[in-house]
Each structure stands twice: as C-alpha cells, then as structure tokens.
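One structure below.
The values are calculated or read from the model by the stated rules, or taken from the named source; none is laboratory data. What you are looking at is a predicted structure, and each value in this text was computed from that prediction instead of being measured. Counting neighbours? That spans all protein chains shown, and the Cβs are built from the backbone with ideal geometry, glycine included. Remember, those area values only see protein heavy atoms, side chains included, never the ligands or the DNA or RNA. Shrake-Rupley method; radii C 1.70, N 1.55, O 1.52, S 1.80 Å.
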Amino acid sequence: QVQLVESGGGLVQAGGSLRLSCAASGLTFSSYIMGWFRQAPGKEREFVAVISWKGTNTNYADSVKGRFTISRDNAKNTVYLQMNSLKPEDTAVYYCAAKRRFVRFTAWDEYDYWGQGTQVTVSS
C-alpha cells in the first residue's frame, strides 16, 4: 500500500533551520506531484509548498516564500522541505501529500495520499 513517511521535525529557535523529508513507497513517485501542508493547534490545515513531477515547477504560500524550499529526488522517492529563518508562527505539524495533477494544489482535499505528519516547534 502507499506510504508517505515524514521525518526531520523537531524543536528549533527562531531564525534557525530544519529540513523535512518525506519518503514515499507503494506508488510510482515520479507520477505524483508532492505537496507540503501544515496544521497548527486550533487552525485549519494550510498549504505550504508544492513541486511538480520532475521538480520543474514549484509554488509556495506567501507566508513561507523566500524562506522555504521544496525539492525532490525521484531516484530516492523522497521530497524535501528546507526551512530557513524559522519563526514561531511556523510551529505546526507538517504533512506531505501526493496527487497526480498539478491543479488545485493548494486544496488539501484534492490530495490522494498523506503522511502521518512531523512536529515542528519554533521557540522565540
């Protein structure tokens, strides 16, 4: 079955960096676009970033543009999220997700598969 497994979360001070990874199995990874979402306590799940099948196209939420970078390695079936200049408001559970088409990619309910999430906590 399809599995998406996130890793790399943790506790970091404001201004620090983290790199999240999401390892995929059970699907043809290069046939899926990959997205990152996050959900803070009491808030709705929100779009963070997305990357196309070969990594040619990316898109970011305004709140993370210029600080976060999404990338993928299709040989390793893995997508990454490099997070720099972290802020306390970036604190959330971060999820990776997969879908086939590069449309409506900011909508969480458009995705077919989800990981279990990894906690990112940024202290001030």
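Only sites in a loop by DSSP and with at most 15 other Cβ atoms within 10 Å count here; which trypsin sites (Lys or Arg not before Pro) in region 16-110 make the cut? Display every interim value, and only then the final one.
On the way: sites: R19, R38, K43, R45, K54, K65, R67, R72, K76, K99, R100, R101, R104; in loops: K43, R45, K54, K65, R67, K76, R100, R101, R104.
In loop regions of region 16-110 (DSSP not H, G, I, E or B), the sparsely surrounded trypsin sites (Lys or Arg not before Pro) are K43, K54, K65, R67, K76, R100, R101, R104.
Of the residues N74, N84, N57, the one that moves most in a GNM of the chain with alpha-carbon contacts below 10 Å is N57. The residue list N74, T106, S85 was ranked by how far each Cα lies along the charge dipole of the chain toward its positive end, using unit charges on Cβ atoms, and N74 comes out on top.
Share of the chain's accessible area from carbon and sulfur, percent, 1.4 Å? C and S fraction of accessible area: 45 percent.
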